Amino acid sequence: MQSSLVSLPSMERVRIGAPVAEAAAQEAELLGANRVFVVCSGTLNSQTDEIARVIEALGDRFVGLFDAVRPHVPREDVIAATRVAADADPDMLLCVGGGSATDLAKILAITLEHGVREASQMDAYHLQVNPDTSVTAPTFSAPKIPVVVAPTTLAGGEFNALAGSTDEKSNVKEGYLHPAMTPKAVILDPALTLHTPEWLWLSTGVRALDHAFETLGSLESNGYYDGMAMNAIRLLSEGLVRVKEDTDDVDARLMCQVGAWSSMVAIVAGLDMGVSHAVGHALGGSFNVPHGYTSCVMAPFALEYNREVNEHRQALISASLGAPQTPAHELADSLIRRLGMPRSLGEVGLTENDLPSLATYTFKDIWCGTNPNPIANPDALVPLLRRAL
């Protein structure tokens, strides 16, 4: 009998379908926060009135804002936000935006707690991937400032203690992890996501699907994780297609948001992902490929590669997609193409010459060593990457 340890996060609330401005003010009240610092998307701040409405709802509680985070969260952006936020002396961090803004807000709780003001000081707080692909986690005291997130994409980081930031000197996206980084509350406002570009919504939705794919493909999963992942696939596969057909379908958008939440349950509880996520982190941090596109490209290839060791597990994916007799990688490929997303490394700008370095960067990721079908070294990964080219 297989045993599992499920680690439950410290999240307190998820508000489903709540308007973000109203919900943010309610969270500040519940958390006893009097000094709220906002991290948000620059486009959302400059081209919509959503952030202005949040600030109005917060009233005297609002003490400052940072809206200059770039994709994959360069260290320099974390430090820039830290310096602005430190002057505001916040007692709550509110993020309204996509995955990069969310990651920055979570890491910001660490940098504020520990007086980090230079990029090099971040070395003491990120996960270290060893040459044998094992991972060493640094020990440090918990950040005390609570984080609340209203996401505008489907990447799912708002439910997780893990965040990523790219060291531009090494060109590696590094993970930061502490249980207290888990947001205290998440606000799922589907109306807020109407501002999200279609390609970003759909591609991060595929990223959420990939969480579920790698959960169901894992040989370490359990019945609880499986059920949540299958629910995620059911909600996302229907919701994403509906949004593709009608971008104003807020019910479908909320279906996608709840599906993304379901897809994160296993990761949040401690289940390791596999090679699709590992390659995805390398593509993002080292080659600047948008986060969602990485799974659009890699998920079906990873499923096909792993099939020889976990075909019985992948049958759950096929069942969730309504075609139990069809291989999961074929169904994933068909759905991603139906959404109009890229399906090859070439489509996101890579060439044959990039494959050795992509493989090397992938082996610096925390999840390269936990793929169901083991990959011995970077050279052994190149044939899989070549199939995706």
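The values are calculated or read from the model by the stated rules, or taken from the named source; none is laboratory data. Because the structure is a prediction, the values reported are computed rather than measured. All Cβ positions, even for glycine, are placed from backbone atoms using ideal geometry, and neighbour counts span all protein chains on display. Side chains included, ligands, DNA and RNA excluded: accessible areas come from the protein's heavy atoms. Shrake-Rupley method; radii C 1.70, N 1.55, O 1.52, S 1.80 Å.
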Tell me, please, whether a residue that is charged (D, E, K, R) and not in a helix (DSSP H, G or I) can be found in segment 92-105.
no
Restricting attention to segment 350-361, does a residue exist that is open to solvent by less than 50 Å² (accessible area, probe 1.4 Å) and β-branched (Val, Ile, Thr)?
no
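Residue-wise test of (1) of a type in the set (S, T, N, Q); (2) open to solvent by less than 40 Å² (accessible area, probe 1.4 Å).
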| site | (1), (2) |
| --- | --- |
| Thr247 | yes, no |
| Gly259 | no, yes |
| Asp272 | no, no |
| His277 | no, yes |
| His281 | no, yes |
Are any of the residues in segment 176-191 modelled with pLDDT of 95 or more and closer than 22 Å to Ser334 by Cβ?
no
Are any residues in segment 1-33 in contact with an Asp or Glu (Cβ under 6 Å, 6 or more places away or on another chain) and closer than 14 Å to Phe62 by Cα, and if so, which ones?
Ala33
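Could you tell me how many of the residues in segment 154-185 are assigned to a loop (DSSP other than H, G, I, E, B), more than 15 Å from Ser10 (Cβ to Cβ) and open to solvent by less than 10 Å² (accessible area, probe 1.4 Å)? Outline the logic, then answer.
Just the residues of segment 154-185 that are assigned to a loop (DSSP other than H, G, I, E, B), to begin with: 154-156, 160-161, 168-171, 178, 182-184.
Subsequent filtering for residues that are more than 15 Å from Ser10 (Cβ to Cβ) retains 154-156, 168-171.
From the residues that got through so far, the ones that are open to solvent by less than 10 Å² (accessible area, probe 1.4 Å) too are 154, 156.
Qualifying residue count, segment 154-185: 2.
May I ask you to list the residues in segment 334-349 that are under 20 Å from Asn306 (Cα atoms) and open to solvent by 40 Å² or more (accessible area, probe 1.4 Å)?
Start the filter on segment 334-349 by keeping residues that are under 20 Å from Asn306 (Cα atoms), which leaves 334-336, 343-345.
Matches in segment 334-349: Ser334 only.
Which residue, of Leu200, Leu194, Leu209, is open to solvent by 30 Å² or more (accessible area, probe 1.4 Å), under 21 Å from Gly98 (Cβ atoms), in contact (Cβ under 8 Å) with a residue 60 or more places away in the chain and assigned to a helix (DSSP H, G or I)? Talk me through it step by step, then tell me what you get.
Numbers: Leu194 fails: in contact (Cβ under 8 Å) with a residue 60 or more places away in the chain; Leu209 fails: open to solvent by 30 Å² or more (accessible area, probe 1.4 Å).
Residue meeting the stated conditions: Leu200.
Mind checking which residues of segment 9-44 are assigned to a helix (DSSP H, G or I) and open to solvent by 50 Å² or more (accessible area, probe 1.4 Å)? Explain how you work it out, then say what you get.
Let us first name the residues in segment 9-44 that are assigned to a helix (DSSP H, G or I), namely 20-30, 42-44.
Glu22, Gln26, Glu29, Leu30, Thr43 - these are the residues of segment 9-44 that are assigned to a helix (DSSP H, G or I) and open to solvent by 50 Å² or more (accessible area, probe 1.4 Å).
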Suppose we keep only residues that are charged (D, E, K, R) and over 30 Å from Ser41 (Cα atoms) within segment 212-234. Which one would you say is surrounded by the most Cβ atoms within 10 Å (Cβ to Cβ)?
Asp226
Give just the number: which of (1) closer than 30 Å to Ala380 by Cα; (2) open to solvent by less than 30 Å² (accessible area, probe 1.4 Å) does His291 not satisfy?
(2)
Filter segment 66-90 down to residues that are in a loop (DSSP other than H, G, I, E, B) and buried (at least 18 other Cβ atoms within 10 Å of the Cβ) and give me whichever is farthest from the chain's Cα centre (by Cα).
Pro90
I'd like to verify a number: residues in segment 46-64 that are open to solvent by less than 50 Å² (accessible area, probe 1.4 Å) and under 24 Å from Ala155 (Cα atoms), how many?
4
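Does at least one position in segment 48-66 carry a residue that is in contact with a Lys or Arg (Cβ under 8 Å, 6 or more places away or on another chain) and at pLDDT 95 or above? Steps first, please.
Initially, segment 48-66 is screened for residues in contact with a Lys or Arg (Cβ under 8 Å, 6 or more places away or on another chain), giving 61, 63.
Next, only the ones that are at pLDDT 95 or above stay: 61, 63.
Within segment 48-66, one or more residues are in contact with a Lys or Arg (Cβ under 8 Å, 6 or more places away or on another chain) and at pLDDT 95 or above.
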Hits in segment 268-287 (condition: in contact with a Phe, Trp or Tyr (Cβ under 6 Å, 6 or more places away or on another chain) and hydroxyl-bearing (Ser, Thr, Tyr))
Ser286
Mind listing just one residue for me: the one in segment 112-147 that is surrounded by 13 or more Cβ atoms within 10 Å (Cβ to Cβ) and polar (S, T, N, Q) and, of those, nearest to Pro374 (Cα to Cα)?
Thr133
